[in-house]
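Chemist: Got a structure for you, written out below as structure tokens; questions coming shortly.
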Ligand code: TYC
């Protein structure tokens, strides 16, 4: 009895021929700026509260900003970075400190 051969390689399942392209999002550095008036302790609290830094690392970053004028709090996607900047600015204003926070593309 003859029969048509199976079509080898013609699987019922389809194969993804191209790579699913997951583009890396652009990242932004959130930056703290030094000033002469914001208390060191306040800056440490900001780094703990909004950037989830452990106390030791928060103190290191604060001192870096104090000594060098600026420092990186973290790398985030656009919307997260924008939110962090706004949260820090609102918190500083609430306590009448001149602390400035900004962001820049990585
Ligand atoms: N320079 C401030 C002081 O001597 C401390 C300070 C650190 C302020 C970091 C802002 O982003 C800052 N009290």
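The values are calculated or read from the model by the stated rules, or taken from the named source; none is laboratory data. Every value quoted in this text rests on a predicted model; they were computed, and no experiment measured them. Ideal geometry is used to build each Cβ from the backbone, glycine not excepted, and the neighbour counts take in all protein chains shown.
Chemist: Going by the conditions given, is residue 26 in contact with a strand residue (DSSP E or B) (Cβ under 9 Å, 6 or more places away or on another chain) and either at pLDDT 95 or above or exposed (fewer than 10 other Cβ atoms within 10 Å of the Cβ) (or both)?
Modeler: So residue 26 fits the description; yes.
Chemist: Which ones in the stretch 58-79 are over 12 Å from residue 47 (Cα atoms) and surrounded by 15 or more Cβ atoms within 10 Å (Cβ to Cβ)?
Modeler: Within the stretch 58-79, 64, 66, 76 meet the criteria.
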